[in-house]
1. Please calculate how many Å² of accessible area the range 88-132 carries per residue, with a 1.4 Å probe and no DNA, RNA or ligand atoms counted.
2. Nearest 10 degrees, 0 to 90: what angle lies between the long axis of helix 28-48 and the longest principal axis of the chain (Cα atoms)?
3. Hey, what angle do you get for helix 68-85 against the long axis of the chain, alpha-carbon based, 0 to 90 degrees rounded to 10?
4. Show that you can apply the helix-only estimate: for the chain, add -39,500 (n - 2.57) for every DSSP H stretch of four or more residues, divide by all residues, and state [θ] at 222 nm to the nearest 500.
5. Could you tell me which of Ile124, Leu31, Ala142 has its Cα farthest along the dipole of the chain towards the positive end, charges placed at Cβ (Lys, Arg +1; Asp, Glu -1), taken about the Cα centre?
6. When ligands, DNA and RNA are left out and all protein chains stay put, how many square angstrom of accessible area per residue does the range 25-74 have with a 1.4 Å probe?
7. Quantify, in whole percent, the carbon and sulfur part of the accessible surface of the chain (1.4 Å probe; protein heavy atoms only).
8. Quick one: which of 41-54, 65-78 comes out on top by average Cβ neighbours within 10 Å, and what's the full order, highest first?
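The values are calculated or read from the model by the stated rules, or taken from the named source; none is laboratory data. Given the structure is predicted, the values throughout are model-derived calculations rather than measurements. Note that each Cβ is placed from the backbone with ideal geometry, even for glycine, and that neighbours are counted across all protein chains shown. Areas reflect the complete protein model, heavy atoms only, side chains present, ligands, DNA and RNA absent. Shrake-Rupley method; radii C 1.70, N 1.55, O 1.52, S 1.80 Å.
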Amino acid sequence: SDMENLRSMVIMKTDLDGFADRAVKPSQQDLSELLDKRKDMVSLVVARHAGTTIKGEGDSFWITFTSVTTAALAALEIQRDLQHAQVGSSDEDRLAIRIAITVGDVLHQEGDIFGDSVNLTARIESITPPGEIYLSHAASLAVNNAEVSLDYVNEFDLKGFAQRERIY
């Protein structure tokens, strides 16, 4: 039954900003090298924090974790690594990653994930500014404040959700 595939987990979605606009400029080779480098960087961080990459589509990844704190620490590390990798790059060549983190019940099917939490992650990621990490209200409650300091951002109306979501 579906219930057997239902689990509470932490969901992270990352998205490389400026990617669509930029896809025109560099050669295909530069672009695929760039993505491979980023994929390796993200994969390393995810592995170190016991995360699982569910799917990656070029500039965007879906990753699950068992802990919000671990996911948040991984997100901070991804942001840091990306900045370090780009020291000395010109502004227009800089890439920025948006990261959204939620927690909730997820349906696992054929290597993919479904459910309200998945939809919520996508919605939050779409309003996350480049270079930032946004957490859902539920995720903010589950984080260990001694390890990750949160700031309240605002309440947002998100498409498909009746209640406004408090974002951190």
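1. 48
2. Computed tilt is about 40 degrees.
3. 10
4. -11500 deg cm²/dmol
5. Ala142
6. Per residue, the range 25-74 has 51 Å² of solvent-accessible surface.
7. Carbon-and-sulfur percentage of accessible area, whole number: 48.
8. 65-78, 41-54
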